[in-house]
Amino acid sequence: QVRLVESGGGLIQAGGSLRLSCTASGGTFSNLGMGWFRQAPGKGREFVAGILRDGINKYYADAVKGRFTISRDNAKNTMYLQMNGLKPEDTALYYCAVALRPFRTSTTDFGSWGRGTQVTVSS
């Protein structure tokens, strides 16, 4: 069973940058596709970005395309989300998860969820 732990969240002003990390244990990280989701208060969990196990194929939600970059370091069992140009509407609890199928964006296509890290963007 893969265990995921997110870190790197915080309070930041609009226009700023943060880098989130997701560290995996208990599995072969290099064999796993991965993804980031977020959930704002009162809203459903939404897809943010995904990366295949090759680390080359990446895909993004339209809302973050051009501002966020997903990456991974298989030697460190860690996935990252570099977030630039943050907006107040990016405020949410950010989760990482293991992709059960490639190039999917539904929560039902992901598993082994972490507990999340809070990102708050002030205006």
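When the criteria are applied in full, Arg53 meets the requirement of being surrounded by 13 or more Cβ atoms within 10 Å (Cβ to Cβ), in contact with a helix residue (DSSP H, G or I) (Cβ under 8 Å, 6 or more places away or on another chain) and on the phi < 0 side of the Ramachandran plot. Asn77 fulfils the conditions (1) surrounded by fewer than 19 Cβ atoms within 10 Å (Cβ to Cβ); (2) within 18 Å of Gly111 (Cα to Cα); (3) touching a helix residue (DSSP H, G or I) at 6+ places or on another chain (Cβ under 9 Å) except for a single criterion, (1).
The residues of segment 82-123 that are aliphatic (A, V, I, L, M), open to solvent by 30 Å² or more (accessible area, probe 1.4 Å) and in contact with a helix residue (DSSP H, G or I) (Cβ under 9 Å, 6 or more places away or on another chain) amount to a single one, Leu100. The single condition from (1) free of Cβ contacts under 8 Å to residues at least 60 places away in the same chain; (2) under 13 Å from Val98 (Cβ atoms); (3) polar (S, T, N, Q) that Gln1 fails is (1). Contact annotation: residue pairs with Cβ atoms under 7 Å, 6 or more positions apart or on different chains, pairing a residue in segment 6-25 that is over 14 Å from Asn84 (Cβ atoms) and modelled with pLDDT of 95 or more with a partner that is open to solvent by 50 Å² or more (accessible area, probe 1.4 Å) and of a type in the set (A, V, I, L, M, F, W, C), are Thr23/Val5.
The values are calculated or read from the model by the stated rules, or taken from the named source; none is laboratory data. As the structure is a prediction and not an experimental result, all values here were calculated from the model. Counting neighbours? That spans all protein chains shown, and the Cβs are built from the backbone with ideal geometry, glycine included. For accessibility, only protein heavy atoms count, side chains too; no ligands or nucleic acids. Shrake-Rupley method; radii C 1.70, N 1.55, O 1.52, S 1.80 Å.
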